[in-house]
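See below for the structure under consideration.
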Amino acid sequence: MKIPYYHIDAFTSKVFSGNPAGVCILKEWLSDELLQNIAFENNLSETAFIIDRGSYYDLRWFTPTIEVDLCGHATLAPSFLILNYLKPTLSSISFKTQSGELSAKKIGDKIEINFPSRMPKECAPHPDLISGIGIEPVSTHKSRDYLLLYKSEEVILSIKPNMLKLMNLDCLGVIVTAPENNCDFVSRFFVPGAGVPEDPVTGSAHSTLIPFWADRLKKDKMNAKQLSQRGGELMCTNIDDRVLMAGNCVIYSNCEIVG
């Protein structure tokens with residue numbers, strides 16, 4: 001087995017920041033067990049597996065412990081690789097995924113990905129949610145993930161969640177978010193149940209954040225920051241039932257997986 005493998009930092013223009021994604025280029029699907037073992041061995045928040053089908057690519061995403069239905073940075077990373085290195089004459093590509101067809105295109109020096117919108121609805125919190133986060137929110141909402149609204153960036157930065165409690169929730173993860181003066185909104189994302197205590201930069205969470213903030217701010221074009229230790233920036237657009245996210249990527253390393 002020899003699999004071309006790239007380690008790419010997404011939603012950033014410099015290494016050691018943004019969200020690292022592994023990208024494995026396959027000829028055909030391996031067993032789910034082997035895909036999961038490769039992702040576990042890579043030990044990144046996500047490993048993307050792609051297969052070139054000619055007019056499109058198959059794409060799947062694995063954390064170190066589970067397969068997920070949608071991942072932004074591990075879509076941005078293979079899009080960047082394909083459009084800049086594997087097929088540099090193309091300006092756009094499409095992927096077939098568990099979440100339907102996704103697309104990506106070049107926008108200047110950035111890659112823009114097109115994702116489904118997941119508008120959250122206000123809800124009552126799970127019994128372990130607020131105690132797990134540790135700070136009472138202004139309001140609680142839910143789509144795939146819980147979204148907790150806070151007043152300021154300072155509150156978001158001060159959150160020190162109890163990861164064991166967050167593993168008991170009835171959803172994949174928890175988004176915490178607030179407005180910010182130097183951009184439109186900031187966020188953090190916690191996913192301990194998927195083996196990722198805090199994800200550095202999360203495109204799938206922005207499928208919920210973008211429509212949420214578009215409605216509150218009454219604007220469809222926004223700039224966002226994720227306030228993890230590595231940090232990341234996203235250019236966001238809200239369009240009906242879709243959201244667009246644009247960002248930079250940089251290759252940290254490439255090699256072959258052998259075994």
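The values are calculated or read from the model by the stated rules, or taken from the named source; none is laboratory data. Computed from a prediction, not measured in an experiment: that's the story for all the values here. Positions of Cβ are generated from backbone atoms using ideal geometry, with glycine treated the same way; all protein chains shown enter the neighbour counts.
Brief remarks follow.
- Look at (1) in contact (Cβ under 8 Å) with a residue 40 or more places away in the chain; (2) of a type in the set (D, E); (3) out of contact with any Gly (no Cβ under 9 Å at 6 or more places or on another chain); (4) closer than 23 Å to T65 by Cα and you find that D241 fails only one, number (4).
- Answer residue from segment 208-229, given it is touching a strand residue (DSSP E or B) at 6+ places or on another chain (Cβ under 7 Å) and part of a loop (DSSP other than H, G, I, E, B) and is farthest from L147 (Cα to Cα) among those: D220
- Note on segment 105-174: enclosed strands (runs of 3 or more DSSP E) holding 1 or more residues that are in contact with a His (Cβ under 7 Å, 6 or more places away or on another chain) are 146-149.
- Taking the criterion of being β-branched (V, I, T) and over 12 Å from A74 (Cα atoms), the residues of segment 1-56 that qualify are I3, T12, V15, I25, I38, I51.
- Here A205 passes the criteria (1) in a strand (DSSP E or B); (2) at pLDDT 95 or above except the one numbered (1).
- Test result for E198, over 20 Å from T65 (Cβ atoms) and either in contact with a Leu (Cβ under 9 Å, 6 or more places away or on another chain) or not assigned by TED's automatic domain parsing to the domain that holds S45 (or both): no
- Scanning segment 62-93 for residues that are under 16 Å from Y6 (Cα atoms), without any contact (Cβ under 8 Å) to a residue 24 or more places away in the chain and either in the same structural domain as S143 (by TED's automatic domain parsing) or not in a helix (DSSP H, G or I) (or both) returns a single hit, K87.
- So A178, is it of a type in the set (A, V, I, L, M), more than 25 Å from P20 (Cβ to Cβ) and part of a strand (DSSP E or B): yes
- Residue tally, condition in a strand (DSSP E or B) and small (G, A, S), over segment 1-23: 3
- Breaking point among (1) in contact (Cβ under 8 Å) with a residue 40 or more places away in the chain; (2) surrounded by fewer than 20 Cβ atoms within 10 Å (Cβ to Cβ); (3) under 12 Å from S187 (Cβ atoms), for N168: (3)
- Selected residue (only one of L83, L90, L70 is out of contact with any helix residue (DSSP H, G or I) (no Cβ under 8 Å at 6 or more places or on another chain) and not β-branched (V, I, T)): L83
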